[in-house]
Amino acid sequence: FYSALRQLREDYHRVGRFDDANSKLDELCKLLAAKTLDVRGNNGSSSILDSTRILQTIAGDNAPGVARALRDAYAQVIATYSDSMAAFGSDSDLRIRDDDDEFARALLPVIDSLPTDLDSSSDRWSFDGLNEAFGHFIQDSFRNRKEDAQYMTPPEVVSAIVDIAIEDIRLDRKLVKGRRRVFVADPTCGVGSFLAAMYRQSGRVEFRSRTLADFISLVGQDKVERMVRLSNVNLKVFAESEAAISLGNSVIGTSPLDVWKGKLDLILTNPPFGASFSTQDILSRSKPADFPVLHHMANIGLLPQTIDSEYALLDKEIGMLRPGGRILMVVPDHVVSGGGFAERFRRELLKANRIGESEFLQTTTIAAS
């Protein structure tokens with residue numbers, strides 16, 4: 001699958017007519033989702049999107065070309081699984097023309113190599129390999145585009161953070177004591193990597209005579225419509241989970257996520273770094289309870305005119321937790337160890353919260369974003 005993705009990137013430049021990286025990813029995601037649904041529906045057997053099936057349909061006189069055959073097979077799948085494919089919105093059709101035969105042939109190896117093994121430790125479909133490869137493909141595609149790369153988190157980091165969260169739940173039952181549901185959120189969810197991994201990995205953990213996934217409710221938000229769409233696809237199709245993913249700004253003004261204030265058990269997130277916000281803009285459009293640390297620092301004259309997004313998000317997201325809730329968040333080093341404003345912010349933050357631990361990642365780990 002890795003090799004096929006690498007080759008596809010080259011083929012996109014050679015034969016693909018899509019000059020926009022977002023369009024390329026959308027078309028690839030449609031095909032992978034369709035193959036996933038088709039194979040799952042057939043209990044792991046072959047898919048009508050496999051190359052052997054596609055090539056059989058183009059044999060003989062007056063047969064359609066590869067592009068037409070692939071598009072027809074895709075149409076059959078989405079007609080069968082229209083509810084799941086609705087995550088793509090109004091743009092669920094495959095945008096391949098009849099004269100795109102060479103490009104269609106380039107797509108077949110990726111479709112063929114999609115991991116389709118059942119997870120041996122649970123009855124849930126295992127797509128860890130798919131999500132990891134898909135994450136790497138996105139990261140490589142957007143390596144030089146900061147505005148897109150900021151939405152990506154290396155799959156290894158996602159998996160490690162989710163493992164810590166699950167272990168917290170297993171070892172500290174006070175975190176979920178008396179709770180019928182465990183509400184897990186990512187306020188800047190991007191493509192939904194943390195939420196999908198949380199659901200998938202918790203499906204392998206025994207909890208209250210069932211699996212932990214049976215007790216988890218997922219909540220996400222992003223300010224970019226394309227990310228909301230991809231997050232819905234990732235969760236509904238690949239992770240086989242239901243989630244409430246909304247479109248909204250998690251920093252400035254009001255958003256659909258506000259209804260969860262003070263109700264979340266767990267937040268897993270890697271928010272965008274480096275964006276600057278006017279403190280006056282944040283304070284004038286929020287209540288003190290929304291940003292308790294920033295409002296307090298403003299009252300005592302310790303708040304600069306602008307702050308980085310990571311401080312605003314950390315302050316607001318902690319306020320979204322219920323008492324005793326926890327947040328696992330990727331932040332730049334200066335949030336943890338910087339002086340000046342960073343040190344004053346930490347001092348105020350620790351008056352009402354506790355930092356359980358800090359794990360330092362290699363500088364190159366999230367270098368692309």
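Assorted remarks:
- Tensor-based shape of the stretch 26-96 (alpha-carbon gyration tensor, a/c under 1.5 rounded, otherwise prolate or oblate): oblate
- What the phi angles of the stretch 28-37 give under the Karplus curve with 6.51, -1.76 and 1.60, with θ = phi - 60°, is a coupling list of 4, 4, 4, 5, 5, 5, 5, 5, 4, 5 Hz, glycine and proline written as x.
- Karplus-based coupling profile of the stretch 193-203, in residue order and whole Hz: 4, 5, 5, 5, 5, 4, 5, 5, 6, 6, x, with θ = phi - 60° in 6.51 cos²θ - 1.76 cosθ + 1.60 and x standing for Gly or Pro.
- Mean Cα-pair separation over length for the stretch 250-369, i.e. relative contact order, pairs under 8 Å, 6 or more apart, %: 33 percent
- Beyond 28 Å in Cα-Cα separation lie the following of the pairs K30/K316; K177/K316; K236/K261: K30/K316.
- On the basis of the beta-carbon distance and an R0 of 45 Å, R9 and R210 show a calculated FRET efficiency of 0.60.
- Cα-based shape type of the stretch 218-265, given that a ≥ b ≥ c are square roots of the gyration tensor eigenvalues and the cut on a/c is 1.5: oblate
- Gyration tensor (alpha-carbon) shape descriptor, the stretch 214-348, a/c threshold 1.5: prolate
- Extension gain, E242 to N42, is 69.8 nm, computed as 0.36 nm per intervening residue step minus the present C-alpha separation.
- Applying 0.36 nm per residue to the separation of S284 and L350 and subtracting their alpha-carbon distance, the gain on full extension is 21.3 nm.
- Here E102 and E156 are evaluated by their C-beta separation; at R0 = 22 Å the FRET efficiency comes out at 0.05.
No value in this document is a laboratory result; all are computed from the given coordinates. From a predicted model like this one, the values you see are computed outputs, not experimental measurements. FYI the Cβ positions are ideal-geometry reconstructions off the backbone, even for glycines, and counts take in every protein chain you see.
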